[in-house]
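What follows is one structure encoded as structure tokens, with my remarks underneath.
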Amino acid sequence: DVACGSGTTTIDVLRRAPAGSVAHGFDLSPALIDVARRRQGGQDTSVAFDVADMQTASPPELPYERLMSRLGVMFFADPAAAFANLRRWLVPGGRFAFAVWGPVEDNTWMAATRAAVAEFAELPPVDPSTPGPFRYADVTVLHSLLSRAGFVELTASDWRGTLPIGSSLPAQEAAHFALAAFSSFAEVLAAAGARAFAGAHHTLAARFAPYEQEGV
């Protein structure tokens, strides 16, 4: 699991994997790896977590049959080098499956958050040439990178569905979570003045409210 964060997806995938499988999660953040290890509890030897920069980390002696990533591959400083390195982590014929966000205008969370912040602070446009959540909104760019890295039989599938914000928060708390956790909104609002965050929070909570269902 590339950029495994706190390990939730790693563990979920292992539960669905064939009997005898093992899973290994890697992330840049020691703090998140600590959380993942606590979640794993140290009891299950079929799952492990380690700190690693997957852009440059040396491949293991025994390559993996599968690599996966959930919203983690958009942040490499050098994506061409990163994908080429990840190819070396796979056995011949191995599979790399991952999720990235589509266009920002298709993402209600982020579109609403950006609009609310923009009422109180100046926001730079989304730049797909730099690390960020919407870097691969244009799938042709992604396919080109993967092809040059040696991946073949490339496919992309759209997925649309409902996801809870911030572990199932109501609108007021979800708005605070979005402003604090998404991109660099908190820093932008802090630079805009003491009242900017409060104003953006009030506006965003109102934008999120119509989507709240049973307190989530």
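The values are calculated or read from the model by the stated rules, or taken from the named source; none is laboratory data. These numbers come from a predicted model, not from an experiment. All Cβ positions, even for glycine, are placed from backbone atoms using ideal geometry, and neighbour counts span all protein chains on display. In case anyone asks, the SASA skips ligands and DNA or RNA and just uses the protein heavy atoms, side chains included. Shrake-Rupley method; radii C 1.70, N 1.55, O 1.52, S 1.80 Å.
Structure notes:
- For the stretch 128-191, with all protein chains in place and a probe radius of 1.4 Å, 55% of the accessible heavy-atom surface sits on carbon or sulfur.
- Sulfur and carbon atoms: percent of accessible area, the stretch 56-99 [1.4 Å]: 53
- (i) 29, 21, 16; (ii) 31, 25, 20; (iii) 33, 21, 16, with the label sought being that of the calculated semi-axes √(5λ) of the Cα gyration tensor in Å: (iii)
- Here the peptides 45-54, 184-193 are ranked by packing, the mean other Cβ count within 10 Å, and the order with the highest first is 45-54, 184-193.
- Of the residues Ala190, Ala48, Met110, the one whose Cα sits farthest toward the positive end of the charge dipole of the chain, with +1 on the Cβ of Lys and Arg and -1 on the Cβ of Asp and Glu, is Ala48.
- Calculated FRET value between Glu119 and Leu71, using beta carbons and R₀ = 35 Å, to 0.05: 0.85
- C-alpha center-to-center spacing [the stretch 144-215, the stretch 81-123] in angstrom: 12
- Angle between the chain longest axis and helix 30-40 axis [Cα atoms, degrees, rounded to 10]: 70
- Annotation: peptides 77-85, 107-115, ranked by per-residue average of other Cβ atoms within 10 Å with the highest first, follow the order 107-115, 77-85.
- Net charge dipole size for the chain [Lys, Arg +1 and Asp, Glu -1 on Cβ; Debye, nearest 20]: 320
- Top of Gly150, Gly161, Gly102 by mean-square fluctuation, Gaussian network on the chain, Cα under 10 Å: Gly161
- Against the main long axis of the alpha-carbon atoms of the chain, helix 171-181 sits at an angle near 60°.
- Computed over protein heavy atoms with a 1.4 Å probe, the accessible surface of the chain works out to 59 Å² per residue.
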